[in-house]
Amino acid sequence: MIAIRCSGLLFDLDGVLIDSTPAVARVWQRWAVEHGFDPETVVRMAHGRPSRTTIRELLPNADIDIDIDREDREVERREMEDLDGVVLLPGARQLLNILPPARWNIATSCTRPLAEVRLRAAGLPIPKTMITSSDVKIGKPDPEPYLKAAAQLGFAASDCIVVEDAPPGVRAGKAAGARVIAFLTTMIRRDLEDAGADWIVQNCAGIVACHDDGGLQLSLSLP
């Protein structure tokens, strides 16, 4: 067991608190086939990043103001409609129930409407604070999402721990100055280590938390 203290926890959403992987894969596989791309490559590119970023890289010659916006809206529409299999990941509800609301936040690459739809589908309440791709100019792996998520709580990112499952998110957390716990829910250990994760655990069930006036005390069960 590893013991850690911090002021707050900053969670990614998909792959950390909820499992939306099958739905995301279905949407991006269909999009890839329609545009003549390899589905497996596109799904891998899309994981953990704003959809707009993936579309812009794959369609570099598109008109940003027209084509990119249209494609982004269509991907979001499909993701909001495909909620089959969107469920809580092990330990997520138990961990959030322990944490004081002022000590945790979400920073997700989803848009706000998509994040709210998935939270409801998984049976989680909409948190009072949340940073989505709708709230930032630059998404992960840029540090902006986690810097803003920490600021919403009134903490420096360096006093927080980011909880992630994808290399772009791990890099975003490290670039923000935070320590990062990475989950083995969607990616292999080597990819997470290469991205700079400080600790790697299986999922939320591997984190035991308690709190006092000084912040949070975490115990990690390393696989």
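A few notes on this one:
- Convex hull per residue volume in Å³, alpha carbons only, for the chain: 108 Å³
- Couplings 3J(HN,Hα) of the range 182-194, computed from phi: 10, 9, 8, 7, 9, 10, 7, 4, 4, 4, 6, 5, 4 Hz, in residue order, whole Hz [Karplus 6.51 cos²θ - 1.76 cosθ + 1.60, θ = phi - 60°; x for Gly and Pro].
- Each residue of the range 100-105 is assigned a 3J(HN,Hα), and the resulting list reads x, x, 7, 10, 9, 8 Hz, derived from the Karplus form 6.51 cos²θ - 1.76 cosθ + 1.60 (θ = phi - 60°), x at Gly and Pro.
- Rounded to the nearest 10 square angstrom, Val87 shows an accessible area of 70 square angstrom against a 1.4 Å probe.
- The solvent-accessible area of Arg30, taken with every protein chain present and a 1.4 Å probe, is close to 130 Å².
- Integer Hz, Karplus 6.51/-1.76/1.60 couplings in order for the range 38-50, x for Gly and Pro: 6, x, 4, 5, 5, 4, 5, 5, 6, 5, x, 10, x
- Ordered by solvent-accessible area of protein heavy atoms (1.4 Å probe), largest first, the residues Leu222, Leu58 come out as Leu222, Leu58.
- The range 24-103 and the range 168-223 have Cα centres separated by 22 Å.
- Portion, in percent, of the accessible area of the range 125-223 that falls on carbon or sulfur, probe 1.4 Å: 50 percent
- Dipole in debye (nearest 20) - the chain, about Cα centre, beta carbon charges: Lys, Arg +1; Asp, Glu -1: 560 debye
- Accessible-area rank, largest first, for Arg171, Arg118: Arg171, Arg118, with all protein chains present and a 1.4 angstrom probe.
- Cα lying deepest toward the dipole's positive end in the range 1-138, options Ser20, Pro125, Gly8, charges on Cβ: Gly8
- When the chain is treated as a GNM with alpha-carbon contacts under 10 Å, the residue of Glu144, Glu34, Glu79 showing the greatest mean-square fluctuation is Glu34.
- Placing a pseudo-label 7 Å from each Cα along the Cα-to-Cβ vector at Arg189 and Glu81 gives an inter-label distance of 4.2 nm.
- Over the chain, accessible surface divided per residue gives 45 Å², non-protein components excluded, 1.4 Å probe.
- Cβ-derived FRET efficiency at R0 30 Å, Asp67 paired with Asn97, nearest 0.05: 0.10
- The range 29-111, Cα convex hull volume normalised per residue, Å³: 125 Å³
- Per-pair calculated FRET efficiency, R0 = 30 Å: Ser134 and His35 via Cβ, rounded to 0.05: 0.80
The values are calculated or read from the model by the stated rules, or taken from the named source; none is laboratory data. Nothing here was measured: the structure is a model prediction, and the numbers come from that model. Cβ atoms come from the backbone with ideal geometry, glycine included; neighbour counts cover every protein chain shown. To get the accessible areas, we keep the full protein, side chains included, count just its heavy atoms, and leave off ligands, DNA and RNA. Shrake-Rupley method; radii C 1.70, N 1.55, O 1.52, S 1.80 Å.
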